[in-house]
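Q: The structure that follows is given in the form of structure tokens.
The values are calculated or read from the model by the stated rules, or taken from the named source; none is laboratory data. Bear in mind the structure is a predicted one, so any value in this text is a computation, not a measurement. Backbone-built Cβ (ideal geometry, glycine too); neighbour counts: all protein chains shown. Remember, those area values only see protein heavy atoms, side chains included, never the ligands or the DNA or RNA. Shrake-Rupley method; radii C 1.70, N 1.55, O 1.52, S 1.80 Å.
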Amino acid sequence: MHTPILDDQAVTMLQQDYQRHLPDTFMGDFDLSPADAKWLLTDKFALLCGVIADQSIPANRAWQLPKRLRNRIGQQNWSAAWFASHQSDLLTAIQTKPALHRFPKTMAQNLASLGQTLITEADGDAERFISTTTFEALEARLSPIRGMGPKKVNALALIIVLDLKQSLTEMDKSKALFDVHLARILSDYLHRPATATIANVVCQQIDPTMPARAATYLWRLDRQHRTLASVVTPHR
């Protein structure tokens, strides 16, 4: 167990505000059209591509990458098998102007790795691949994919629970999705640089049952230009 970072009063005030603004979606923050969001949640291969693409570029642009990529390579090539054996073609499609991602080579490698893993582990079936009952099982399946780090594992877990409304046990073992928003809001409150470890402890204090969801709450506070101090300091 890590030493608590927030005092009891701060935790109480944050938990009260958290319950009033409890996040019920992960993808809802990305300004996607209803049709695009529905497609991503229906086509699990597209969903996994979006999770992988959400790196080093604005989230809205990242989550539009699967649709734009499919349009470039053609519906007939939209499969794990094609991705696994056509890394160079993926690179060409991603880097063709206007480029679909800031790092085309990395994305092509990561998406090819996704295809290879799906073929090996689930005969190319993305839905079967992510159909697990526990967070730890999902983490174990995703981790071998190139570029699928802890933040992305936790992002997909939140999508499964919040957006797909599916059961996933052991979410108490999920982690904060540490990024610039969490770093900024925590650093401002603590008056010291925040780290992923600090974020994990704080999110665990706010929501021990699902720390990853607490991270989305903190994101929204930062995007709304609210501070932790404004939440934890009682109004007089």
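Q: Using a Cα distance threshold of under 16 Å, what count of lysine pairs results for the chain when pairs must be 8 or more residues apart or interchain?
A: Qualifying lysine pairs in the chain: 11.
Q: Given q = 0.23, 0.32 Å⁻¹, what are the Debye log10 I(q)/I(0) values for the stretch 150-199, with equal point scatterers placed on the Cα positions and solvent ignored?
A: So the normalised log intensities are -0.82, -1.13.
Q: In the stretch 1-146, what percent of the accessible surface is made up of carbon and sulfur (1.4 Å probe, ligands and nucleic acids excluded)?
A: Working: 3600 of 7470 Å².
Within the stretch 1-146, the accessible surface is 48 percent carbon and sulfur.
Q: If you take every residue apart from Pro211 with its C-beta less than 12 Å away from the C-beta of Pro211, what net charge results, scoring Lys and Arg +1 and Asp and Glu -1?
A: Values: positive: Lys173, Lys175, Arg213; negative: Glu170, Asp172, Asp207.
With Lys, Arg at +1 and Asp, Glu at -1, the net is 0.
Q: While we're looking at this one, here's another question. Across the stretch 98-236, what fraction of all alpha-carbon pairs, as a whole percent, falls in each successive 10 Å bin from zero upward?
A: The percentages, shortest bin first, are 11, 34, 31, 18, 4, 1, 0.
Q: Another question, then. Could you work out the per residue convex hull volume over the alpha carbons of the stretch 1-138, in cubic angstrom? Kindly include the intermediate steps, with their values, before the conclusion.
A: Values: hull volume 21.9 nm³, N = 138.
Per-residue hull volume (Cα only) is 159 Å³.
Q: Hey, another quick one. From the phi angles alone, apply the Karplus equation (6.51, -1.76, 1.60; θ = phi - 60°) to the stretch 197-214 and give each ³J(HN,Hα) in whole Hz, x where the residue is Gly or Pro.
A: 5, 4, 4, 4, 5, 4, 5, 5, 5, 6, 9, x, 7, 7, x, 4, 5, 4
Q: While we're here: Just to confirm, what accessible area per residue do you get for the stretch 68-188 at 1.4 Å probe, in whole Å²? Don't jump to the answer; show the numbers that get you there.
A: Details: 5740 Å² over 121 residues.
Ligands and nucleic acids excluded, the figure is 47 Å² per residue.
Q: Can I ask one more? Work out the FRET efficiency for Thr227 and Ser131 from their Cβ-Cβ distance, taking R0 = 41 Å, and round it to the nearest 0.05.
A: Details: r = 40 Å, r/R0 = 0.98.
Efficiency computed from Cβ-Cβ geometry: 0.55.
Q: Can you give the net charge of the other residues whose Cβ lies under 15 Å from the Cβ of Gln116, counting K and R as +1 and D and E as -1? Provide the component values of the computation, followed by the final result.
A: Numbers: positive: Arg141, Arg146; negative: Asp89, Glu121, Asp123, Asp125.
So the environment of Gln116 carries a net charge of -2.
Q: Okay, moving on. Bin by bin, in steps of 5 Å, what percent of the Cα pairs in the chain do you find, going until the bin that has the longest distance?
A: Answer for the chain: a P(r) of 1, 6, 14, 18, 18, 15, 11, 8, 5, 3, 1, 0, 0 percent.
Q: Go through 2-12, 146-156, 209-219 and give me the packing order, highest mean Cβ count within 10 Å leading.
A: On the way: 2-12: 13.3, 146-156: 20.0, 209-219: 23.3.
The densest-packed peptide leads the list: 209-219, 146-156, 2-12.
Q: Under the definition of Cα pairs under 8 Å and six or more residues apart, what whole-number percent is the relative contact order of the chain? Walk me through the intermediate numbers first.
A: Numbers: 318 pairs, mean separation 52.8, N = 236.
Reported relative contact order: 22 percent.
Q: On the principal axes of its Cα set, how long, how wide and how thick is the stretch 107-185? Give whole Å, largest value first.
A: 42, 29, 19
Q: Roughly how big is the stretch 6-109's charge dipole about its Cα centre, with Cβ charges of +1 (Lys, Arg) and -1 (Asp, Glu), in debye to the nearest 20? Don't skip to the end; give the middle numbers.
A: Details: 11 positive and 10 negative charges, 160 e Å.
Charge dipole of the stretch 6-109: 760 debye, to the nearest 20.
Q: Oh, and also: How large are Rg and Dmax for the stretch 30-78 when calculated on the C-alpha trace, in angstrom?
A: Both quantities, over Cα of the stretch 30-78: 10.1, 29 Å.
Q: For the stretch 170-187, just list the computed ³J(HN,Hα) in residue order, Karplus coefficients 6.51, -1.76 and 1.60, θ = phi - 60°, integers in Hz, with x standing in for Gly and Pro.
A: The phi angles translate into 6, 5, 5, 8, 6, 10, 5, 8, 6, 8, 4, 5, 5, 4, 5, 5, 6, 5 Hz.
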